[in-house]
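Encoded as structure tokens, the structure appears first; notes follow it.
The values are calculated or read from the model by the stated rules, or taken from the named source; none is laboratory data. Keep in mind it's a predicted model, so treat the numbers as computed, not measured. Please note: Cβ atoms are built from the backbone with ideal geometry, for glycine as well, and neighbour counts cover all protein chains shown.
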Amino acid sequence: MQASLRSWCTSPAQDLKRLTTETPALYADFYTLTYENTHTLLRIIANLAIPSNQKRLADRLLMDLNARGAEEGWIAISQPELASLTAMSLPTLRRVLRHFAASGIITQHYGTIHVHDRKALLKICRS
């Protein structure tokens, strides 16, 4: 009984220490993951600090394209999820998406957004 209770009480730090002791090459992998996660976190925080709704959405779309490796420009995301991620109300998000669509930057489909013009999104971010 005590052995099974002991295995339940191990912490993630103990497991990581054991893994890295057994396989020292994992240090580099954990460092890379930590670096990438910190970079993503800082990008998200910076995105939420952008006061302009258009700039914030353009930046978020570019971030999603880069993070998901969406080479063809497709982002699978619902409007409520995107509104939450950009700290916008759903009506505001829809208004900005309509503006981007009217400008030919994106097209909207059910549960997805297709980005046609990354350069236009970058221009919005930098304006």
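Would you please name the residue that is nearest to residue 48 (Cα to Cα), looking only at residues in the stretch 81-111 that are within 15 Å of the chain's Cα centre (by Cα) and of a type outside the set (A, V, I, L, M)? Lay out the reasoning, then the answer.
Let us first name the residues in the stretch 81-111 that are within 15 Å of the chain's Cα centre (by Cα), namely 81-87.
Adding the requirement that they be of a type outside the set (A, V, I, L, M) leaves 81, 84, 86.
On the way: 81: 14, 84: 11, 86: 6 Å.
Among those that are within 15 Å of the chain's Cα centre (by Cα) and of a type outside the set (A, V, I, L, M), it is 86.
Consider the stretch 93-104. How many of its residues are crowded, with 20+ Cβ neighbours inside 10 Å and more than 12 Å from residue 57 (Cα to Cα)?
Summing the residues that are crowded, with 20+ Cβ neighbours inside 10 Å and more than 12 Å from residue 57 (Cα to Cα) in the stretch 93-104 gives 0.
Could you please find all residues in the stretch 74-127 being without any contact (Cβ under 8 Å) to a residue 40 or more places away in the chain and part of a strand (DSSP E or B)?
Those that are without any contact (Cβ under 8 Å) to a residue 40 or more places away in the chain and part of a strand (DSSP E or B): 76, 107, 108, 109, 112.
Need the failing condition index for residue 8 against (1) under 12 Å from the mean Cα position of the chain (by Cα); (2) modelled with pLDDT under 85; (3) on the phi < 0 side of the Ramachandran plot, just the number.
Failing condition for residue 8: (1).
Within the stretch 45-73, which residues are assigned to a loop (DSSP other than H, G, I, E, B) and surrounded by fewer than 15 Cβ atoms within 10 Å (Cβ to Cβ)?
Correct list: 49, 51, 52, 69, 71, 72.
Being under 13 Å from residue 124 (Cβ atoms), within 12 Å of the chain's Cα centre (by Cα) and not aromatic (Phe, Trp, Tyr) narrows it down to one residue among 60, 56; which is it?
One residue alone meets the criteria, 60.
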